[in-house]
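Chemist: After the structure tokens below, expect a handful of questions from me.
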Amino acid sequence: MSSPPPSKKRMDLDIIKLINHNHEVTILNGLNELMVKFHGPKGTLYEGGVWKVRVDLPEKYPFKSPSIGFLNKIFHPNIDEASGTVCLDVINQAWTALYDLSNIFESFLPQLLAYPNPTDPLNGDAAALYLHKPDEYKQKIKECIQRYATEEALLSQEDQTSDSESSLSQFSEDEAQDMEL
């Protein structure tokens, strides 16, 4: 029996690391397509919100960056409201194999939500409100969270999930360790 290629093994290890850091991970159509439940960072306008973030790992991962996108709506200058696409240099341009999936969910996305960059927007309306009408910007975020980013909103989305998905959040530590081998 041959060992898996290095990129496959790295994918497996990164997924296990996410699970061990208490992220809820759902596998979509193979280990290179994931959905990770992401909670808004404490102390930010997004605190209390819950989003599903899709992660597509390219074949050359970790040497090529993953593609990420929010599946439920989020109002932010650097996140396209319609597609959920994220504009983040560290993922799109400055990615290095030293980074892993935990960096995305524990550093990069929390930093993006805490410190938007309205000068490089994917959502012009959010950038304009952030710069010129900060109270309206805050209110719009609250409304968006209430409507699209609560546990209840996610539950209604889960009802539409296909049967082909499998959740890894239920794996025991022994099963996760078996995956490492």
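The values are calculated or read from the model by the stated rules, or taken from the named source; none is laboratory data. It should be emphasised that the depicted structure is a prediction, and the values quoted were computed from it without experimental measurement. Note that we place each Cβ from the backbone using ideal geometry, even for glycine, and neighbour counts take in every protein chain shown. With ligands, DNA and RNA removed, areas are computed over all heavy atoms of the protein, side chains included. Shrake-Rupley method; radii C 1.70, N 1.55, O 1.52, S 1.80 Å.
Chemist: At a 1.4 Å probe radius, carbon and sulfur cover how many percent of the accessible area of segment 1-103?
Modeler: Using a 1.4 Å probe with all protein chains present, segment 1-103 comes out at 51 percent carbon and sulfur.
Chemist: Using heavy-atom solvent-accessible surface (probe 1.4 Å) with all chains present, what is the largest-first order of Tyr46, Tyr130?
Modeler: Details: Tyr46 5, Tyr130 85 Å².
Ranking Tyr46, Tyr130 by accessible area, largest first, yields Tyr130, Tyr46.
Chemist: Next up: Mind grabbing the accessible area of His39 for me, 1.4 Å probe, Å², rounded to tens?
Modeler: 100
Chemist: Considering just Cα atoms, how many Å³ per residue does the convex hull of segment 54-97 enclose?
Modeler: Convex hull of Cα atoms, per residue: 59 Å³.
Chemist: Next up: Greater than 25 Å separation of Cα atoms is the criterion. Which listed pairs, Lys17/Lys64; Lys73/Lys133; Lys17/Lys142; Lys64/Lys140, meet it?
Modeler: Those over the limit are Lys17/Lys142; Lys64/Lys140.
Chemist: I would also like to ask the following. Could the peptides 71-82, 96-107 be put in order, highest first, of the mean number of other beta-carbon atoms found within 10 Å of their residues?
Modeler: 71-82, 96-107
Chemist: On to the next question. Once the other residues with Cβ under 11 Å from the Cβ of Val50 are scored (Lys, Arg +1; Asp, Glu -1), what is the net sum?
Modeler: Around Val50, the charge tally is -2.
Chemist: Expressed as cubic angstrom per residue, what is the convex hull volume of the alpha carbon set of segment 9-99?
Modeler: Here the figure is 111 Å³ per residue.
Chemist: Which whole-number value in Å² is the accessible area per residue of segment 89-144, probe 1.4 Å?
Modeler: Working: 3210 Å² over 56 residues.
So segment 89-144 comes to 57 Å² accessible per residue, rounded to a whole number.
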